[in-house]
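Only the coordinates and a few stated rules stand behind these numbers; no lab work does. Since this is a predicted model, take the numbers as computed values, not measurements. A quick note on method: Cβ atoms are made from the backbone with ideal geometry, for glycine too, and the neighbour counts reach across all protein chains shown.
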Amino acid sequence: MKNIRREVDVVRDYLNQYTAGILAPSRFDPNSKYFSDLRWSQTAEVGYVPNSKMRNTFMAVAIDLPDFQSPYGAIHPRYKHDIARRLGLSSLAVAYQQAGFDYQGPFPVSYKLDRTASHIIIEFDHTPIEIRVKTGFEICCTTKDFICKETDSGWKNATMTSHSTTSVTLDAHNCSVGGVRYAWRESPCALRKCAVYGRKSNLPAPPFKFAGSPQLFV
């Protein structure tokens, strides 16, 4: 974790001027989560930019652009038009302060845990949202001795039972939910096939994580 914290400091000090990119997948490994921590640190552990720690930064989310056969290395996908479009929208809105550009993908604004119905509802901004697949979500189950924080223990895949133009609903049966996260894999999805996108902007939701005690859920 010291390396991750150091990465946060580097991002905060050096990239607080304008540009960043949420790392693309570098290898097909459905179980690897290493890049997830790096991506999280790229936003100073907020999940998006600009934010209060990185006020003048914009980014392009590239988690849905795997190119494992790229001659330049998988970390450098050849889908430059996608990345250029996403960076262009962000630069116009943040660097040039032009209004009217939807430059961010959907991001959670609330997590509502219904213990009676045993499900959790995640509400998003930048709506309406488009659901392309129903995978990629995980929940963390707590016990009286365990609270979901930094550890990777206790997490399991969560089934999306329904969705609307503003939210997704996840099954939480047999789980005292203490955390929820999304796209928390080195290679979270196929090409342009992550779960959540802005319907109008065609921009993917970035990885996110919310963890703590169950009482933190509204």
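Could you go through the stretch 95-111 in sequence order and give the Karplus-derived ³J(HN,Hα) for each residue, using 6.51 cos²θ - 1.76 cosθ + 1.60 with θ = phi - 60°, rounded to whole Hz, and x for Gly and Pro?
Per-residue couplings from phi come out as 6, 9, 6, 8, 7, x, 10, 8, 10, 10, x, x, 9, x, 10, 7, 10 Hz.
Order the peptides 70-83, 101-114 from the highest to the lowest mean number of other Cβ atoms within 10 Å of their residues. Intermediate values should be presented prior to the final figure.
Details: 70-83: 13.6, 101-114: 17.7.
Highest mean packing first, the order is 101-114, 70-83.
Residues of the stretch 29-50 with backbone nitrogen within less than 20 Å of a virtual label 7 Å along the Cα-to-Cβ line of ALA99, please, listed as ranges.
Those under the cut-off are 50.
What's the center-to-center distance, using Cα atoms, between the stretch 159-187 and the stretch 34-108 in Å?
The stretch 159-187 and the stretch 34-108 have Cα centres separated by 23 Å.
Distance in nm between label sites at GLN69 and LYS53, each 7 Å beyond Cα in the beta-carbon direction?
Placing both labels 7 Å along Cα→Cβ, they lie 3.9 nm apart.
Skipping prolines and chain starts, which residues have an amide H placed within reach, meaning under 5 Å, of the one on PHE58, given they are 5 or more residues away or on another chain?
Under 5 Å from the amide H of PHE58: TYR18, THR19, ALA20.
Under a point spin-label approximation (7 Å from Cα along Cα-to-Cβ), what is the LYS80-THR116 distance to one decimal in nm?
Result for the modelled spin labels: 5.7 nm.
Order by neighbour count: GLU138, GLU45, fewest other Cβ atoms within 10 Å first, most last. Intermediate values should be presented prior to the final figure.
Details: GLU138 19, GLU45 16.
Lowest count first: GLU45, GLU138.
Projected onto the charge dipole of the stretch 108-216 (+1 at Lys/Arg Cβ, -1 at Asp/Glu Cβ, origin at the Cα centre), which of TRP155, PHE208, ALA195 gives the Cα projection farthest towards the positive end?
ALA195
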